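Beneath this line is the structure, given in structure tokens, with notes to follow.
Any read-out appearing in this document is the output of simple, stated calculations on the displayed coordinates, not a laboratory observation. Quick caveat, the model's predicted, so the values are computed rather than measured. Glycine also receives a Cβ, built like all others from the backbone with ideal geometry; neighbour counts cover every protein chain displayed.
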Amino acid sequence: MTMSAMISIMVNSSPLAVEEGENLLKALQGAGVRLPAICFHPALHKTVGVCRLCTVEVATPGKPPELKRACLLKAHPGLAVQTESVAIQSAREKAMRALLKQAPQSERLIHLAQEFGLRIDPAPDGCIRCLLCERVCKEVVGAKALKLGKRNGQRLIEPVEGRCIGCGTCANICPTHVIRITDDESVRTISIRDEVIGRHPLATCEGCGKRFATPKFLEIAHDRAVDHHPDTKDHHRWCPECSKRLSPRVSGTLTRRY
Ligand code: SF4
């Protein structure tokens, strides 16, 4: 095995002894210089430079510095590189965003971005900001229980404390199902992402005894139904099945069991 000659290259304005012809990324990382990289692996001989994270600036006398991928360069006499600059950071951020577009759930990428202070777009949270939920809650339900807020520079649909009546209209209209209704035996929970919008006891259907709606919702339905057509007057006290079964038009008489 032939030994390569040791040469001196300039890294961040300081001399560094490396083997001539050695992969620059490997040489820099071996010397303790911090450089992000994903597609480079020391066990593999060929480098491909596809993640573009290991960008450095190569200085050539008389020319402006050039951005190059360290994993595609070999150490040679006269080589001078910078590993940190505004242009490098911006190139790495661009590369990281492209990677995260393909794998937004990757913890490894997210940790690497944090480690190197790369600004990245927030991870998708399942909400497309169509505002249908906020609008329907205000315009149709009248509860105004949702609002568009801002957290860490990101626009977010947020609950307004104490205003939700637990009708579930927002969850039903949500095109991505990021708002969920969970009915356990006696409690309805409406949530968005991991945040609870409202938690309500469930009232009993006067027709069959099944728990089906929240008292706050029934109150509002009652207020709105009074003085309307007699067919709609009592329907809010019944679950959808009983509404059909017990409607005066269908059954002729009202036969309540509860
Ligand atoms: S469940 Fe709550 S937040 Fe959703 S539409 Fe009804 S009142 Fe508004």
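Going through the cross-link list LYS101/LYS147; LYS144/LYS210; LYS26/LYS46; LYS147/LYS216; LYS26/LYS68; LYS138/LYS216, which pairs have a Cα-Cα distance over 18 Å in this structure?
Checking Cα-Cα distances, LYS101/LYS147; LYS144/LYS210; LYS147/LYS216 exceed 18 Å.
Working from the Cα coordinates of the range 6-115, the gyration tensor eigenvalues give, after taking √(5λ), semi-axes of 25, 16, 11 Å in decreasing order. Partner lysines whose Cα lies under 25 Å from the Cα of LYS63, excluding those fewer than 8 positions away in the same chain, are identified as LYS74, LYS94.
Just to be sure I follow the definition: excluding the sites themselves, where is the longest run in the chain that has none of the GluC sites (Glu not before Pro) in a DSSP loop with at most 11 other Cβ atoms within 10 Å? Let's see the in-between values first.
Details: sites that count: GLU161, GLU185.
With GluC sites (Glu not before Pro) excluded where exposed in loops, the chain gives 1-160 as its longest stretch.
In the chain, the convex hull through the Cα atoms has an average projected area of 21.4 nm², a quarter of its surface area.
Take the Cα of VAL58, step 7 Å along the line toward its Cβ, and report every residue of the range 13-51 whose backbone nitrogen sits under 11 Å from that point. Once the point is set 7 Å along Cα→Cβ of VAL58, 24 turn out to lie under 11 Å by backbone N, inside the range 13-51. Just ARG52, ARG188, ARG108 to compare: in a GNM of the chain, with alpha carbon springs under 10 Å, which one fluctuates most? Looking only at ARG52, ARG188, ARG108, the largest GNM fluctuation is found for ARG108.
Which residue, HIS45, HIS222, HIS235, tops the fluctuation ranking in a GNM of the chain built on C-alpha contacts under 10 Å? Answer for the Gaussian network model of the chain: HIS45.
When both the range 19-76 and the range 192-211 are represented by their alpha-carbon centers, they are found 59 Å apart. At 222 nm, what helix-only mean residue ellipticity would the chain give, in deg cm²/dmol to the nearest 500, using -39500 (n - 2.57) for each DSSP H run of four or more? So the helix-based figure for the chain works out to -7000 deg cm²/dmol. Annotation: amide H-H contacts under 5 Å for VAL187 (H modelled 1.01 Å from N, sequence separation of 5 or more, or interchain): LEU202. Around the amide H of ASN12, modelled in the peptide plane, lie the amide H atoms of VAL81, GLN82, THR83, all under 5 Å away and 5 or more residues distant in sequence or on another chain.
Once R0 is set to 41 Å, what does the formula 1/(1 + (r/R0)^6) return for the Cβ-Cβ distance between ASN172 and SER90, expressed as a FRET efficiency to the nearest 0.05? Calculated value: 0.40. Each of VAL141, HIS45, LEU25 was placed along the dipole of the chain (beta-carbon charges, centred on the mean Cα), and the one lying farthest toward the positive end is VAL141. Exposure proxy ranking for THR214, THR47, based on other Cβ atoms within 10 angstrom of each Cβ and starting from the fewest, stands as THR47, THR214.
Computed over the range 103-230, the P(r) curve from all C-alpha pair distances, binned at 5 Å from the origin, holds 2, 10, 16, 19, 15, 12, 9, 7, 4, 3, 2, 1, 0, 0 percent per bin. With each label modelled as a point 7 angstrom along the Cα→C-beta vector, the ILE120-THR83 pair spans 2.1 nm. Which residue, ILE192, ASN152, ASN172, has the largest displacement toward the positive end of the dipole of the range 132-201 when charges sit on each Cβ (Lys, Arg +1; Asp, Glu -1)? Toward the positive end, the furthest listed residue is ASN152.
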